There are 2 protein chains.
Amino acid sequence: MKTLEVLFTPADFAALKNRNLSQTLCVAFDVFRATSTMVTALANGAEAIIPVAEIPEALAIKRARPEVLLAGERDGLRIQGALSGGVEFDFGNSPREFTRERVAGKTIVMTTTNGTRALRACAQADAVFIGSFLNLQATAEAVRESAPENLLLVCSGTGEQTALEDALGAGALCDLLWNYMEAGAISDSARMARELYRAAKDNVSAAAAGSKNGHRLNGLSDLRDDVAFCLRRDVFDFAADLDPAGHIKRLAP
Amino acid sequence: MKTLEVLFTPADFAALKNRNLSQTLCVAFDVFRATSTMVTALANGAEAIIPVAEIPEALAIKRARPEVLLAGERDGLRIQGALSGGVEFDFGNSPREFTRERVAGKTIVMTTTNGTRALRACAQADAVFIGSFLNLQATAEAVRESAPENLLLVCSGTGEQTALEDALGAGALCDLLWNYMEAGAISDSARMARELYRAAKDNVSAAAAGSKNGHRLNGLSDLRDDVAFCLRRDVFDFAADLDPAGHIKRLAP
């Protein structure tokens, strides 16, 4: 790999549009919770996830393909009929909702805010992987196998701000790949992310729980358990990617 | 203070233009080397620094006010006549050039790239301080005295990328102010910068020397000593600010 870089903040998304991303593999992280939820749904047998930014986009797909399930939150809660013209969403954005019973064999249209923005910002890349702690080792192996010229780790953040848990996820992936990188390839941002992860390594849960999102989730009784759920390491053994048609699937082996 | 936030990357500058910065104090860091050089020049008796982005702007001020001195680099070297219509610049961007003999009582027009971009991005803020390790404690005290509603630490970066040494400087300032902040005021970015600084605390020089800029300067025999020079802590006892007329001066006590 010739370059390894981490983008910490949503402000970087705008700059990405003017950047040549050919020969670049992006890995997008939205640890709390979009990317963690996506890989959980795939682990439980979902056929594909279609990420969209806005509720009307999700509804349009549902009209065309009534068999899809709808997932999404606003302000942490499952989208209610009042926001979606009376259509009830099947899921919120808690990964614990996406059980095998409910998702096996299904295609799920998921509307998130920052997670989707991050994925769309990567649209011109050669390939886009879905990053999470839940499948980090498998993602690292898939990155190594695809041996991209440039590796760009994209933190989704929250609103317009940097989110610590995404930086920790990106840093953990940097750490797994570190020995495969030439020193000259490593940008300062990757050095920072890895250093942050290593400083928190013995207690990533405490570090991530100290984040703004960690605090927010911990304050909501229904969602508190999502924090520990999303920070489990390597419970799934597959990488996931966003294909050119906009579907997130298990990476073909 | 109601908010403490760190911007790591030049991509954030564009977003700053659309942001309300009233009731905000910005501190800009360009550790290697613009902000370190600015405070060194002021410490050695310079009257003011006028930061400008482009060589023609510097030359226009020189024509109007022939007594000013010109400072600036391109690619690490003092601007040569070939780039400036035959006008020789008095200084490059090495803080060690700005000795008392050469700068006392003078106004210096300084053309830098990222440092100036960062300062201009802060133009709508209530106040802008010049951050460096060289006057960090004094800067922290000035921040506390000015007691802003919002404190925004702006890392200049290099080109379009995050620069580790700026994040370390911002993190060191966060660390000095930490006990004066309410937990709810602290953004994840500030938490990250402080954590990075604390992980590197016992050997900031080694950490910063591992940055891209540290490597570059260490590879240039004339500039190698700038690295250690800029990383000295609290050798100057004043804060500096950018006034509304665009002059950087010692902060009036």
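The values are calculated or read from the model by the stated rules, or taken from the named source; none is laboratory data. Because the structure is a prediction, the values reported are computed rather than measured. Quick reminder, even Gly has a Cβ in these numbers, built from the backbone with ideal geometry, and neighbours come from all protein chains shown. When the accessible area is computed, the model is the full protein with side chains, heavy atoms only, and any ligands, DNA or RNA have been set aside. Shrake-Rupley method; radii C 1.70, N 1.55, O 1.52, S 1.80 Å.
Taken residue by residue, the stretch A:106-117 has no member that is touching a Lys or Arg at 6+ places or on another chain (Cβ under 7 Å) and part of a loop (DSSP other than H, G, I, E, B). Out of curiosity, is B:Asn150 out of contact with any Phe, Trp or Tyr (no Cβ under 9 Å at 6 or more places or on another chain) and either charged (D, E, K, R) or modelled with pLDDT under 95 (or both)? No. Here the stretch B:147-189 is the region considered, the condition is being hydroxyl-bearing (Ser, Thr, Tyr) and open to solvent by 10 Å² or more (accessible area, probe 1.4 Å), and the residue that is farthest from the other protein chains (Cβ to nearest Cβ) is B:Tyr180. Inside the stretch A:211-229, can you point out the residues that are within 14 Å of another protein chain (Cβ to nearest Cβ) and either among the aromatic types (Phe, Trp, Tyr) or open to solvent by 70 Å² or more (accessible area, probe 1.4 Å) (or both)? Matches in the stretch A:211-229: A:Lys212, A:His215, A:Arg216. Exactly one residue among B:Thr158, B:Thr111 is in contact (Cβ under 8 Å) with a residue 24 or more places away in the chain and in contact with a strand residue (DSSP E or B) (Cβ under 6 Å, 6 or more places away or on another chain), and that residue is B:Thr111. For the stretch A:76-105, the tally of residues that are in a helix (DSSP H, G or I) and either within 30 Å of A:Thr9 (Cα to Cα) or not β-branched (Val, Ile, Thr) (or both) stands at 9. Being closer than 19 Å to A:Ala190 by Cβ, part of a loop (DSSP other than H, G, I, E, B), modelled with pLDDT of 95 or more and within 14 Å of chain B (Cβ to nearest Cβ) holds for only one residue in A:Val31, A:Val6, and it is A:Val31. Restricting to the stretch A:61-94, name every residue that is over 21 Å from the mean Cα position of the chain (by Cα), under 15 Å from A:Ile50 (Cβ atoms) and hydrophobic (A, V, I, L, M, F, W, C). Within the stretch A:61-94, A:Ile61, A:Ala64 meet the criteria.
B:Asn20 meets each of the listed conditions (1) open to solvent by 60 Å² or more (accessible area, probe 1.4 Å); (2) over 26 Å from B:Trp178 (Cβ atoms); (3) part of a loop (DSSP other than H, G, I, E, B) apart from (2).
Per the listing B:Ala48, B:Ala11, B:Ala43, B:Ala15, the residue uniquely of a type in the set (Gly, Ala, Ser), without any contact (Cβ under 8 Å) to a residue 60 or more places away in the chain and either out of contact with any Gly (no Cβ under 8 Å at 6 or more places or on another chain) or within 14 Å of chain A (Cβ to nearest Cβ) (or both) is B:Ala15. Please tell me if A:Ser189 is of a type outside the set (Phe, Trp, Tyr) and farther than 30 Å from B:His215 by Cβ. So A:Ser189 fails the test.
Failed condition for A:Ala138, given (1) open to solvent by 10 Å² or more (accessible area, probe 1.4 Å); (2) touching a strand residue (DSSP E or B) at 6+ places or on another chain (Cβ under 7 Å); (3) among the hydrophobic types (A, V, I, L, M, F, W, C), with all others met? Result: A:Ala138 passes all but (2). Here A:Thr112 clears all of (1) touching a helix residue (DSSP H, G or I) at 6+ places or on another chain (Cβ under 9 Å); (2) modelled with pLDDT of 90 or more except the condition numbered (2).
Looking at B:Leu77, is it of a type outside the set (Ser, Thr, Tyr) and in contact with a Lys or Arg (Cβ under 7 Å, 6 or more places away or on another chain)? In short, no. If you filter the stretch A:95-110 down to residues that are closer than 19 Å to A:Phe229 by Cα and open to solvent by 10 Å² or more (accessible area, probe 1.4 Å), you find that the one that is farthest from the chain's Cα centre (by Cα) is A:Glu101.
Identify, from the list A:Ala123, A:Ala127, the residue that is without any contact (Cβ under 8 Å) to a residue 12 or more places away in the chain and under 23 Å from A:Leu251 (Cβ atoms). The conditions single out A:Ala123. Against the condition within 14 Å of another protein chain (Cβ to nearest Cβ), in a helix (DSSP H, G or I), farther than 30 Å from B:Ser205 by Cβ and free of Cβ contacts under 8 Å to residues at least 40 places away in the same chain, how does B:Ala60 come out, does it pass? For B:Ala60, the condition - within 14 Å of another protein chain (Cβ to nearest Cβ), in a helix (DSSP H, G or I), farther than 30 Å from B:Ser205 by Cβ and free of Cβ contacts under 8 Å to residues at least 40 places away in the same chain - is not met.
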